[in-house]
């Protein structure tokens, strides 16, 4: 019976997608591959100490503007990293881990989306989310802007594990229901 449950679980994982890809969302390449913004200007670096792997982005809170492939799109800012992506039709949330060091805040949002930005000010890693269900099938830009409230000292913000959460497909729900019915039937036989 345990073998049947394990096989059913593996089949469910293969059939039901759980995450869509943000390019290098965990910075495990050891650099800013896939990311635009001030990251490539030397204001930021990828350092050991991530929440889901070995690397995390450390954003130094100073800078002048944020560049993206195709030109500057954000105008003046203190610092920023950004990534343009197509929101899958079944995406519900964009999640990310973040924290700050020193007297700083990190403002995170999607460009051209009318929802409040998230302000990260905690010194311990935490997971935050942005609702992207209204952007399905459209292009979006995930961006960060830092605010350094103590200009006499270097302050940093950290970003890691940027990912999309997908809504399970109806076929996944049916598959899970069939698996549960099968387990119930096996329990009744044994």
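The values are calculated or read from the model by the stated rules, or taken from the named source; none is laboratory data. Here the structure is a predicted model, which means the values were calculated and not measured. Because the Cβ atoms are built from the backbone with ideal geometry, glycine has one as well, and the counts that use them run over all protein chains shown.
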I need the full set of residues from region 59-93 which are buried (at least 19 other Cβ atoms within 10 Å of the Cβ), at pLDDT 85 or above and out of contact with any helix residue (DSSP H, G or I) (no Cβ under 9 Å at 6 or more places or on another chain), in order please. 83, 85
Restricting to region 22-54, and then to whatever is modelled with pLDDT of 90 or more and within 11 Å of residue 158 (Cβ to Cβ), can you tell me which residue is surrounded by the most Cβ atoms within 10 Å (Cβ to Cβ)? 27
Residue under evaluation residue 100, criteria (1) over 18 Å from residue 34 (Cα atoms); (2) modelled with pLDDT under 85; (3) assigned to a strand (DSSP E or B); (4) more than 15 Å from the chain's Cα centre (by Cα), criterion not met: (2)
